[in-house]
Amino acid sequence: MDGKPNLPYQYESPLMQAPHSPLDLPRRARHSGRGPAMAALLALVCAGVVIWLIDATSKPRDPEGSPYYLEIKQQGDIQAALQGGDAQGDLDRLIEAHPDVRGQEFWALCLRERAFESVILRRFRSFRSESDETPDWDNFLAGNVNEPWCSYTGPRADQVREVMARKGKERVILFCFNSRNWNNYPNHGVLATWSDRDCATYLTLEDMIETYGITAEEWADPAEKLFGKKAPFQFTYE
């Protein structure tokens, strides 16, 4: 017919895999370097979390507007009122007439003699006080006050100017929490107003040990062992 031999049909299987090139090299198992790097990164993250937790639990943090901050502002208002009364000369007659009045009675005298504004009366009670109550103003003026009303120590009348003039290394406590309110903020310390600062600060026993040599026994009994006796509390009284 066409000259080609008539051969029977033969089935040819499809090509499943391309033949290897002589240039193909055997593949090596690929080991990723990401494993150790990821482990190191995870370890660093865990260490950071641990440090953050330690820091967060060891340092008390209070939101703005909490009693912790309001106490600072409150002592600042009292200090400003005292400085204002001194600048206007309103303290002169009080010092001359009552030189020995001190502590809570000094504040009461300033309020009753209108050296301070009457609205400041409520500033003398700590937000955390469990013993002090702000009296009615009219009763206070009349002297009809039986309950403790003041949460702070105070200077002595004839020493006010000397105390307020002390600066730098000579600075002292002008007033601070009294013994009834000494432990109102155990995680922060005792709030105190210094003679040379416009902002009250929280003091801790550790601060006082290092700077003034105050002992734990003295710190635990401020009314008997600190107020009016030992620096920097030697000019402030219950």
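The values are calculated or read from the model by the stated rules, or taken from the named source; none is laboratory data. Quantities reported herein were computed from a predicted structural model and do not represent experimental measurements. Using ideal geometry, Cβ is built from the backbone for each residue, glycine included, and neighbour counts are taken over all protein chains shown.
Below is a table of values for the structure above.
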item: Considering residues of segment 95-108 that are out of contact with any Leu (no Cβ under 6 Å at 6 or more places or on another chain) and buried (at least 19 other Cβ atoms within 10 Å of the Cβ) only, the residue nearest to PRO222 (Cα to Cα); result: GLY103
item: Filtered residues of segment 86-104 (kept if modelled with pLDDT of 90 or more and either in contact with a strand residue (DSSP E or B) (Cβ under 9 Å, 6 or more places away or on another chain) or in a loop (DSSP other than H, G, I, E, B) (or both)); result: HIS98, PRO99, ASP100, VAL101, ARG102, GLY103, GLN104
item: Whichever residue in segment 118-159 is part of a loop (DSSP other than H, G, I, E, B) and of a type in the set (S, T, N, Q) and, among such residues, is nearest to ALA223 (Cα to Cα); result: THR153
item: Extreme residue, nearest to ILE72 (Cα to Cα), among residues of segment 109-126 that are surrounded by 15 or more Cβ atoms within 10 Å (Cβ to Cβ) and hydrophobic (A, V, I, L, M, F, W, C); result: PHE124
item: Failed item, numbered, when PHE175 is tested on (1) buried (at least 21 other Cβ atoms within 10 Å of the Cβ); (2) free of Cβ contacts under 8 Å to residues at least 60 places away in the same chain; result: (2)
item: Matching residues, segment 188-215, being part of a strand (DSSP E or B), in contact with a strand residue (DSSP E or B) (Cβ under 6 Å, 6 or more places away or on another chain) and either among the hydroxyl-bearing types (Ser, Thr, Tyr) or exposed (fewer than 14 other Cβ atoms within 10 Å of the Cβ) (or both); result: THR193, TYR202
item: Of all residues making up segment 193-238, the number that are hydrophobic (A, V, I, L, M, F, W, C), touching a residue at least 24 places away in the same chain (Cβ under 8 Å) and under 20 Å from ARG102 (Cβ atoms); result: 7
